[in-house]
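Only one structure is covered here, and it is reproduced in the block below.
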Amino acid sequence: MARLTDTRVAALKPPKVGQAEYPDDLVIGLRLRVGAGGRKSWIVRTRAGTKVLNKTLGSYPTIGVGKAREEARKFLQDLAKTGAPRVNRTFGQLAEDWLNKVAKPNNRPGSCKSDDWRSTFCRNGAIANWTLSAVWMCVN
């Protein structure tokens, strides 16, 4: 495909089913994903070791082509400096994310003693500061 521009992106038609992806020729890994419903989202696809990472940057037209390229470059530079963000998390951060995204929304108010869990596993627990790779070595 030719270079992505705001005009070309706006003119892209959604596929009949599934999703279509259009790579950018200026920033390696930047793609525009177009869904069958017409939604257009910017993603960055790259590798961190053996893992494929897909980072959603936002939707078009909220984020234009220039801003998407800028955000993709920033993400790729940060990734090169610090490594994969999910791989470098601690067990406490993982537990905190799980409590906020899964446990809390799926339980009745007051039924999830998330503050007790947070203090046990996320803040004060013995394994709260272990990296996920250390936890993984213990269970395997």
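Values quoted throughout were computed directly from the atomic coordinates according to the rules given, and no laboratory measurement underlies them. What you see is a predicted model; the values in this text were computed from it and never measured.
A few points about this structure:
- Structure note, pairs LYS67/LYS101; LYS16/LYS101; LYS13/LYS67: Cα-Cα distances above 24 angstrom occur for LYS67/LYS101; LYS16/LYS101.
- Between amide H atoms placed 1.01 Å from N, distances below 5 Å from ALA48 occur with LEU53, all of them 5 or more places distant or on a separate chain.
- Sequence-distant residues sharing a close amide H with GLY58 (under 5 Å, placed H): TRP42
- Estimated vicinal HN-Hα couplings, Hz - segment 38-48 in sequence order (Karplus 6.51, -1.76, 1.60; Gly, Pro = x): x, 5, 10, 10, 8, 10, 10, 10, 8, 10, 10
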